[in-house]
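Chemist: Sharing a structure, written as structure tokens. Questions coming.
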There are 2 protein chains.
Amino acid sequence: MLEQIEITSPFWQARQQTIAQQMIPYQWDIINDLKQVEIAVTNTGGDSTALDSDKSYVVENFLIAAGKKQGKRGGMVFQDSDAYKWLEAVAYTLEVQPNDDLRAKADRLIDIIAAAQADDGYLNTYFQVNEPERKYQSLYMSHELYCAGHLIEAAVAYTLATKTTKFLEVACKLADNIDAHFGPEEGKIHGGDGHEEIELALLRLYELTQAERYLKLAEYLLLIRGQDPDFFTAQQRRDVALGRKSLIPGLEIIHPDFKAPYFQSDKPVDEQTEAKGHAVRVVYLCAALALGAKLSGNQRLLTAANNYWRNIVQKCLYLTGAIGSTAHGEAFTGDYDLPNDSIYGETCASVGLIFFAHNMLRQNQQGACADVMEQALYNTVLSGMNLDGKGFFYVNPLEASPYRSKVNPGLRHVLTRRPGWFACACCPPNLARMVMSLGHYLYHEDNGTIFSDLFVASNATFKQKDGSTIELQQSTNYPWDGTVRYEVKQAGSAGVKFALRLPQWCEHYHLSCKGQERPAELKDGYLYLKEPAQTGDIIELTLELEPMLVEADARIGADYGKQAVVRGPIVYCAEEVDNGAQLQCLHLGSEGELRGHYDPELLGGVYVIESQGQRRKLAEAAAATSPATTIPAIASPLYRKAQPAQYEAQSIKLIPYYAWCNRAEGEMRVWLNPQP
Amino acid sequence: MLEQIEITSPFWQARQQTIAQQMIPYQWDIINDLKQVEIAVTNTGGDSTALDSDKSYVVENFLIAAGKKQGKRGGMVFQDSDAYKWLEAVAYTLEVQPNDDLRAKADRLIDIIAAAQADDGYLNTYFQVNEPERKYQSLYMSHELYCAGHLIEAAVAYTLATKTTKFLEVACKLADNIDAHFGPEEGKIHGGDGHEEIELALLRLYELTQAERYLKLAEYLLLIRGQDPDFFTAQQRRDVALGRKSLIPGLEIIHPDFKAPYFQSDKPVDEQTEAKGHAVRVVYLCAALALGAKLSGNQRLLTAANNYWRNIVQKCLYLTGAIGSTAHGEAFTGDYDLPNDSIYGETCASVGLIFFAHNMLRQNQQGACADVMEQALYNTVLSGMNLDGKGFFYVNPLEASPYRSKVNPGLRHVLTRRPGWFACACCPPNLARMVMSLGHYLYHEDNGTIFSDLFVASNATFKQKDGSTIELQQSTNYPWDGTVRYEVKQAGSAGVKFALRLPQWCEHYHLSCKGQERPAELKDGYLYLKEPAQTGDIIELTLELEPMLVEADARIGADYGKQAVVRGPIVYCAEEVDNGAQLQCLHLGSEGELRGHYDPELLGGVYVIESQGQRRKLAEAAAATSPATTIPAIASPLYRKAQPAQYEAQSIKLIPYYAWCNRAEGEMRVWLNPQP
């Protein structure tokens, strides 16, 4: 079992420091309403999100629920979760480095939360303060179990980080309240929450406490889903009949986008073969299915997890690890429908995809799962935040144009600069907890074997079942360099059974130990060392890391005939600031003409790639160099008899996708035209 | 002045017969609620249109307003206009061929309408029956002047067709009521209607009656627009304050898409340089600006018309003559933003564009205006109707996929089969009046010269100022054949000063008379005969009509690197039924490899084009023929290291765009990949 992990990678240390020093204090100020920040309300695309103030209300709501303050409970119905996600990020931050001030703030917040909890364990400031009679009755949109799940996840993380139990007690009391209200028994509610999250949280709580009832409750909530496809819609109709107001201001209770598939409740989970509806909901469900399958051995959960995995990864995934093709319901659409401009690609959805991939990996040891995890992490998740930690994206397009986003309402949700905060502030804290907990994703263990899943310079200590200790020092400048060295500082009693991931993008690699080739068996994307590693071994894995031209499956209409540049897990993009406007006119050079170098001054230090490409001349420019002829036009100067294209040479500068939109606002594209 | 016109073209006769015999009786049954038809409510895209019944209510509403029937007034707030548009189409139909039954029905309907008119001339069944106190107070959405405009246009057409005056009296009384309520004088309303239409109608009424007050009122309504940018929004706010309900059920009174630019009222018309907002509103405004400029000589109107023309034709026009890039507000977006899949491209907007182009042409004699008119007519307008006249499109995409329309809510408005009718039934009757009045668009006269604007086999009679008569017999199998013969049956006293349009798409032409080359001067897209034509002359214009590969301005991202096939005014498309699915994989052959033939059995008789092209193999198919190698993948099987593309030869069958979706439902594309 992983006992301790210290990330030493400058790439990731920089990001963790930004979050610890910049973003977490910034979020603290926001949830305590200590500062006013620019709040974007466009994050949900076509859906209008009405806010009655610039306040966040987060901590104040708990004070009001605890009877320690008078006032009006404010913010979204799921506002409580912002506090929990902040606490979870703090927990991981305290694991990374002690911080007395942060710890004191967190303890104070936990005290407030505990004070707000009802005697029976129920905890949700919206329903406690505003509509107590509506508790657990509007699950389609109440987010009660969703918020509870975030509380539980935060409490588990905080317990592990601080070895204190106060927060855990709140979590267990709340979980027990849910257990008392939901389940197969008569008189209990036979359904779950409109937004999955509680299921994964209960599984994590089970992992920590080993209390079987949490595993059983998670299994119940996963399998009851979709048994009655009318479960949520019946609640919607009842709320309408009772004249109750919508829990999301500005949205109708019965909204055309919010039908059963939106909630993954049109069919039982193991009968679902396609990812449908709200993308974050889907992957939170999936993460729980995969972990539940591992912890319970329940085959129905495994079937569901595998079906979802197959559909999402093989048919609904963007090159950047983004998911969710439409802003309408922030949702999946269908197979191969992956538009680059009107995409939703929510940061949270890719965080959830990492949870899913990680839990799949933990139960199947397939390197492909780690590949997806890494792809989402280095591209869409990192794109969710400005390099300075002061601005955030909800939506992560693969093609953006400030002009089109302004004039075309179908692209209103695609922002071309990162706002300081969101009315619905799920993404920034989700990103924070992901990055701060990164240490948990570098290795996993199965059946005595240690798997190296992500290449991140770090020192890791594992406790073996026999009580012995394994210490691995990983040195690498990944993702900029492909050499990864594992120094076995301590091998434990019987040596380290070790498997190293070989990403699918890697064409050539070399595995050695102290200058000697090290025999290994390649299976399912991992190189399994034939002999256990011993103390003093320095295993060196060299992955060839060359810029590569990539094409998409021809069934993806949006990418047809286009190419993207990747190097290892990093997807590249062209920005207007480097390449001028009208990026659709750029044509890449051949793969052999891609040249790269590390630029320590640019964008916090990035490996830049230049392609000796071409830019198609616009008709006027082309006409200026041609003999004057009248080219037939079709009613408009916009259309004319096809002419031989004229190009001018242009060196195309490509930067990592995650770093886009950190300089001048402008166009951006991932998929470019190939050499003409 | 054109005195009489008889269309003899089999192409257009077939369409006029379909409308006269199929569509007009069908619409009669609908407006009288004599039959239930399938009604599509998705026509307005993202906007939900709530209908409380499948009834149309159209005629019943007038009976209720006239006190001849009890009941609830139903349908949209602008439902009256369906009756007027039907009457206008009937008027043109009666011009084409006498029809006693139709004439009797129309006269009966006019009697009912006249009975519904208030003593003061006001006429609108919604406000008369439902909200009399709200008359002329909610102009942003009331469509009162819009409906009045359609009544007036219908009355003008009916008067010209039947030489009766009863309907005209109703129209004048209504126009006078408007004149009494709107105008610069104190106490009158200083603004117009949220939906332009009255302006054009008043100009037509002026043309017929020569009553100056109608010209003045039209000028006033055109120029007051946008003088107070808050005119409509202030009415919206007042209605909200008064607790009045929305006039369009399902839409909020203050809707994010419905701000001043939606109504072209953010600036005075002659300060507007870009087409913004609802596309039909824009072109109805423009049609009035152009005609108003001609009739009044007002330079401000001319400036506005020219500015709009420049922007629409040079930056916002689809190859098919469609306009309106977004379903949100059925609106223009911005320059070069012309997506082929999420387009709105409303049939009505292209009808309106023809009005605009025709009125521009009448005042500037620029062939380019006729080119636009023809492009919209032969492509988007005709696409608005099934060949059998029993189904209609509101939205006319250049790329459609039944699967994507089903799964992607951003494409919900793009239907892939034509429904029988629409809740908001503007397009079918608009198309009907356009096609039935086609005779009015074939020629125009200016300063003694007759301009041949559209090539349609026909017999036309013109009355000259000196009382003499000109008779022209036009013979052609256009659009399938490029030879057009004008036999001058009667030349009038001094011969015919004649100008023949030379479309911009035409590279090579020949002009002759009885085997001799006929000298002409080419100016602004017209061939002006150097000598007047005399009785007995047979002027023959031969336009080379070869299939042509077309490219779009490189600034249109959606079309970049693609080609379309046109032949004369006809834009071609590929359909799944002919070419299989995954149309994005098709690559056209070279222009030299385009072969065409007329197929009398197909789609009512069309010229079919075949391109000796290629289809890119999908990865699996390609892999099956390659030696087994592992191609690097990027996290997902969807993305892999770029490989040399593999193609298989495919003869691509192209049909006229207007005829798509008359066989099996499936994918369709206009813009295809060029030869690889």
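The values are calculated or read from the model by the stated rules, or taken from the named source; none is laboratory data. Predicted, not measured: the structure shown is a model, and the values here were computed from it. We place every Cβ from the backbone using ideal geometry, glycine too, and count neighbours over all the protein chains shown. Each accessible area value is taken on the protein alone, full model and side chains, heavy atoms only, with ligands, DNA and RNA left out. Shrake-Rupley method; radii C 1.70, N 1.55, O 1.52, S 1.80 Å.
Chemist: Just the residues that are open to solvent by less than 40 Å² (accessible area, probe 1.4 Å), not charged (D, E, K, R) and not in a strand (DSSP E or B), please, taken from segment A:656-676. If you could, list the steps in order and put the result at the bottom.
Modeler: Taking segment A:656-676 as the starting set, the residues that turn out to be open to solvent by less than 40 Å² (accessible area, probe 1.4 Å) are A:656-661, A:666-674.
Narrowing further to those that are not charged (D, E, K, R): A:656-661, A:666, A:668, A:670-674.
Across segment A:656-676, the qualifying residues are A:Tyr657, A:Tyr658, A:Ala659, A:Trp660, A:Cys661, A:Gly666, A:Val670, A:Trp671, A:Pro674.
Chemist: Scan B:Ala148, B:Ala104, B:Ala154, B:Ala115 and give me the residue that is among the small types (Gly, Ala, Ser), touching a residue at least 24 places away in the same chain (Cβ under 8 Å) and open to solvent by 20 Å² or more (accessible area, probe 1.4 Å). Walk me through how you get there before you give the answer.
Modeler: Numbers: B:Ala148 fails: open to solvent by 20 Å² or more (accessible area, probe 1.4 Å); B:Ala104 fails: touching a residue at least 24 places away in the same chain (Cβ under 8 Å); B:Ala154 fails: open to solvent by 20 Å² or more (accessible area, probe 1.4 Å).
Going through B:Ala148, B:Ala104, B:Ala154, B:Ala115 in turn, the sole match is B:Ala115.
Chemist: Say whether the condition of being more than 22 Å from B:Phe232 (Cβ to Cβ) and in contact with a Phe, Trp or Tyr (Cβ under 8 Å, 6 or more places away or on another chain) is met by at least one residue in segment B:78-86. Step through it out loud before you land on a result.
Modeler: Step one: of segment B:78-86, the residues more than 22 Å from B:Phe232 (Cβ to Cβ) are B:82-86.
Next, from what is left, pick out any that are in contact with a Phe, Trp or Tyr (Cβ under 8 Å, 6 or more places away or on another chain): B:83, B:86.
The answer is yes; a qualifying residue exists.
Chemist: Determine whether B:Ala564 is within 14 Å of chain A (Cβ to nearest Cβ), over 21 Å from B:Tyr598 (Cβ atoms) and aliphatic (A, V, I, L, M).
Modeler: Numbers: within 14 Å of chain A (Cβ to nearest Cβ): yes; over 21 Å from B:Tyr598 (Cβ atoms): no; aliphatic (A, V, I, L, M): yes.
For B:Ala564, the condition - within 14 Å of chain A (Cβ to nearest Cβ), over 21 Å from B:Tyr598 (Cβ atoms) and aliphatic (A, V, I, L, M) - is not met.
Chemist: Condition first: in contact with a strand residue (DSSP E or B) (Cβ under 6 Å, 6 or more places away or on another chain), assigned to a loop (DSSP other than H, G, I, E, B) and more than 9 Å from chain B (Cβ to nearest Cβ). Can you find one or more residues in segment A:593-608 that meet it?
Modeler: There is no residue in segment A:593-608 that is in contact with a strand residue (DSSP E or B) (Cβ under 6 Å, 6 or more places away or on another chain), assigned to a loop (DSSP other than H, G, I, E, B) and more than 9 Å from chain B (Cβ to nearest Cβ).
Chemist: Do any residues in segment B:481-494 that are aliphatic (A, V, I, L, M) have Cβ atoms under 7 Å from those of residues that are assigned to a strand (DSSP E or B), where the two are at least six apart or on different chains, and which pairs are they?
Modeler: From segment B:481-494, the pairs are B:Val484/B:Gln474; B:Val484/B:Thr476; B:Val484/B:Leu541; B:Val488/B:Leu472; B:Val488/B:Val496; B:Val488/B:Ala533; B:Ala491/B:Ile470; B:Ala491/B:Ala533.
Chemist: Same structure, new question: Taking segment A:630-642 as the search range and keeping residues that are within 7 Å of another protein chain (Cβ to nearest Cβ) and not in a strand (DSSP E or B), which one is farthest from A:Ala619 (Cα to Cα)?
Modeler: Within segment A:630-642, the first condition is being within 7 Å of another protein chain (Cβ to nearest Cβ), and the residues that meet it are A:632-642.
Retained after the next criterion (residues that are not in a strand (DSSP E or B)): A:632, A:635, A:642.
Working: A:Pro632: 13, A:Ala635: 16, A:Ala642: 11 Å.
That would be A:Ala635.
Chemist: Evaluate the following for B:Ser401: is it more than 18 Å from B:Tyr658 (Cα to Cα), of a type in the set (Gly, Ala, Ser) and open to solvent by 10 Å² or more (accessible area, probe 1.4 Å)? Before you say what the answer is, go through the steps one by one.
Modeler: On the way: more than 18 Å from B:Tyr658 (Cα to Cα): no; of a type in the set (Gly, Ala, Ser): yes; open to solvent by 10 Å² or more (accessible area, probe 1.4 Å): yes.
No; evaluated as a whole, the condition is false for this residue.
Chemist: Look through segment B:284-306, keep the residues that are open to solvent by 30 Å² or more (accessible area, probe 1.4 Å) and without any contact (Cβ under 8 Å) to a residue 60 or more places away in the chain, and return whichever of them is nearest to the chain's Cα centre (by Cα).
Modeler: Looking at residues that are open to solvent by 30 Å² or more (accessible area, probe 1.4 Å) and without any contact (Cβ under 8 Å) to a residue 60 or more places away in the chain, I get B:Asn306.
Chemist: Tell me, which helices (runs of 4 or more DSSP H) wholly within segment A:107-185 include 2 or more residues that are over 28 Å from the mean Cα position of the chain (by Cα) and among the basic types (Lys, Arg)? Can you show your working first?
Modeler: Working: elements: A:139-142, A:144-162, A:166-181.
Answer list for segment A:107-185: A:166-181.
Chemist: Does segment B:281-288 contain at least one residue that is aromatic (Phe, Trp, Tyr) and more than 14 Å from chain A (Cβ to nearest Cβ)?
Modeler: Pass one, segment B:281-288, residues aromatic (Phe, Trp, Tyr): B:284.
Narrowing the set further to residues that are more than 14 Å from chain A (Cβ to nearest Cβ) leaves B:284.
Yes, segment B:281-288 contains a residue that is aromatic (Phe, Trp, Tyr) and more than 14 Å from chain A (Cβ to nearest Cβ).
Chemist: What about A:Arg362, is it in a helix (DSSP H, G or I), open to solvent by 10 Å² or more (accessible area, probe 1.4 Å) and facing chain B (nearest Cβ under 9 Å)? Lay out the reasoning, then the answer.
Modeler: On the way: in a helix (DSSP H, G or I): yes; open to solvent by 10 Å² or more (accessible area, probe 1.4 Å): yes; facing chain B (nearest Cβ under 9 Å): no.
So A:Arg362 does not fit the description; no.
Chemist: Shifting gears a bit: Looking only at segment A:451-490, count every residue that is assigned to a strand (DSSP E or B) and surrounded by fewer than 21 Cβ atoms within 10 Å (Cβ to Cβ) and tell me the total.
Modeler: Of segment A:451-490, the ones assigned to a strand (DSSP E or B) are A:451-452, A:458-463, A:469-476, A:483-490.
Within this subset, residues satisfying the condition of being surrounded by fewer than 21 Cβ atoms within 10 Å (Cβ to Cβ) are A:459, A:461-463, A:469, A:471, A:473, A:475, A:483, A:485, A:487, A:489-490.
Qualifying residue count for the region: 13.
Chemist: Follow-up. Could you please give the count of residues in segment B:181-213 that are in contact (Cβ under 8 Å) with a residue 12 or more places away in the chain and either open to solvent by 60 Å² or more (accessible area, probe 1.4 Å) or among the acidic types (Asp, Glu) (or both)?
Modeler: Total satisfying the criteria: 9.
Chemist: How about segment B:186-201: which of its residues are touching a Leu at 6+ places or on another chain (Cβ under 7 Å) and assigned to a helix (DSSP H, G or I)?
Modeler: The answer is B:Ile198, B:Glu199, B:Leu200.
Chemist: Inside segment A:408-441, can you point out the residues that are surrounded by fewer than 21 Cβ atoms within 10 Å (Cβ to Cβ) and within 14 Å of chain B (Cβ to nearest Cβ)?
Modeler: A:Pro409, A:Arg412
Chemist: Continuing with this model, one more query. For A:Val488, only one of the following conditions fails: (1) closer than 17 Å to A:Val566 by Cα; (2) among the hydrophobic types (A, V, I, L, M, F, W, C); (3) over 30 Å from the mean Cα position of the chain (by Cα). What is its number?
Modeler: (1)
Chemist: Name, by its number, the condition in (1) in contact with a helix residue (DSSP H, G or I) (Cβ under 8 Å, 6 or more places away or on another chain); (2) part of a helix (DSSP H, G or I) that does not hold for B:Asp257.
Modeler: In the conditions (1) in contact with a helix residue (DSSP H, G or I) (Cβ under 8 Å, 6 or more places away or on another chain); (2) part of a helix (DSSP H, G or I), B:Asp257 misses (2) alone.
Chemist: Give me the pairs, please: first residue somewhere in segment A:322-335 and facing another protein chain (nearest Cβ under 7 Å) and on the phi < 0 side of the Ramachandran plot, second residue anywhere and part of a strand (DSSP E or B) and crowded, with 24+ Cβ neighbours inside 10 Å, beta-carbon distance under 6 Å, and either six or more positions apart or on two chains.
Modeler: Matching pairs, first to second residue: A:Thr333/A:Thr326.
Chemist: Further question on the same structure: May I ask you to list the residues in segment B:556-569 that are on the phi < 0 side of the Ramachandran plot and open to solvent by 10 Å² or more (accessible area, probe 1.4 Å)? Quick ask: steps written out before the conclusion?
Modeler: Narrowing segment B:556-569 to residues on the phi < 0 side of the Ramachandran plot: B:556-560, B:562-567, B:569.
Residues satisfying the conditions are B:Gly557, B:Ala558, B:Tyr560, B:Lys562, B:Gln563, B:Arg567.
Chemist: Count, please, the residues in segment A:64-82 that happen to be in a helix (DSSP H, G or I) and more than 16 Å from A:Cys348 (Cα to Cα). Outline the logic, then answer.
Modeler: Taking segment A:64-82 first, the residues in a helix (DSSP H, G or I) are A:64-65, A:80-82.
Cutting the leftovers down to more than 16 Å from A:Cys348 (Cα to Cα) gives us A:64-65, A:80.
Number of matching residues: 3.
Chemist: Can you tell me which residues in segment B:570-588 are more than 9 Å from chain A (Cβ to nearest Cβ) and either of a type in the set (A, V, I, L, M) or crowded, with 23+ Cβ neighbours inside 10 Å (or both)?
Modeler: B:Ile570, B:Tyr572, B:Cys573, B:Ala574, B:Glu575, B:Val577, B:Asn579, B:Ala581, B:Leu586, B:Leu588 - these are the residues of segment B:570-588 that are more than 9 Å from chain A (Cβ to nearest Cβ) and either of a type in the set (A, V, I, L, M) or crowded, with 23+ Cβ neighbours inside 10 Å (or both).
Chemist: Considering only segment A:365-381, state which residues are over 16 Å from A:Val571 (Cα atoms), out of contact with any helix residue (DSSP H, G or I) (no Cβ under 7 Å at 6 or more places or on another chain) and open to solvent by less than 10 Å² (accessible area, probe 1.4 Å).
Modeler: Selection gives A:Gly367 alone.
Chemist: Next question. For segment B:86-98, does any single residue satisfy the condition of being open to solvent by less than 10 Å² (accessible area, probe 1.4 Å), touching a residue at least 12 places away in the same chain (Cβ under 8 Å) and polar (S, T, N, Q)? Even if it seems obvious, please write down each step before you answer.
Modeler: So in segment B:86-98, the residues open to solvent by less than 10 Å² (accessible area, probe 1.4 Å) come out as B:86-91, B:93.
Adding the requirement that they be touching a residue at least 12 places away in the same chain (Cβ under 8 Å) leaves B:86-91, B:93.
With the extra rule that they be polar (S, T, N, Q), the set shrinks to B:93.
Checked segment B:86-98: at least one residue is open to solvent by less than 10 Å² (accessible area, probe 1.4 Å), touching a residue at least 12 places away in the same chain (Cβ under 8 Å) and polar (S, T, N, Q).
Chemist: Right, next: Here is a list: B:Thr165, B:Thr125. Which entry is without any contact (Cβ under 8 Å) to a residue 60 or more places away in the chain and within 23 Å of B:Ala89 (Cα to Cα)? Steps first, please.
Modeler: Details: B:Thr125 fails: without any contact (Cβ under 8 Å) to a residue 60 or more places away in the chain.
After ruling out the rest, the residue left standing is B:Thr165.
Yes or no, residue by residue, for (1) open to solvent by 50 Å² or more (accessible area, probe 1.4 Å); (2) within 12 Å of chain A (Cβ to nearest Cβ); (3) assigned to a loop (DSSP other than H, G, I, E, B); (4) touching a residue at least 60 places away in the same chain (Cβ under 8 Å):
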| position | (1), (2), (3), (4) |
| --- | --- |
| B:Pro503 | no, yes, yes, yes |
| B:His510 | yes, no, no, no |
| B:Glu521 | yes, no, no, no |
| B:Leu527 | no, no, no, no |
| B:Ile539 | no, no, no, no |
| B:Glu546 | yes, yes, yes, no |
| B:Ala554 | no, yes, yes, no |
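Chemist: Residues in segment B:29-63 that are outside any loop (DSSP other than H, G, I, E, B) and either open to solvent by 20 Å² or more (accessible area, probe 1.4 Å) or at pLDDT below 55 (or both): how many? Break it down stepwise before answering.
Modeler: Step one: of segment B:29-63, the residues outside any loop (DSSP other than H, G, I, E, B) are B:29-31, B:39-40, B:42-44, B:58-63.
Within this subset, residues satisfying the condition of being either open to solvent by 20 Å² or more (accessible area, probe 1.4 Å) or at pLDDT below 55 (or both) are B:29, B:39, B:42-44, B:60, B:63.
Summing the residues that are outside any loop (DSSP other than H, G, I, E, B) and either open to solvent by 20 Å² or more (accessible area, probe 1.4 Å) or at pLDDT below 55 (or both) in segment B:29-63 gives 7.
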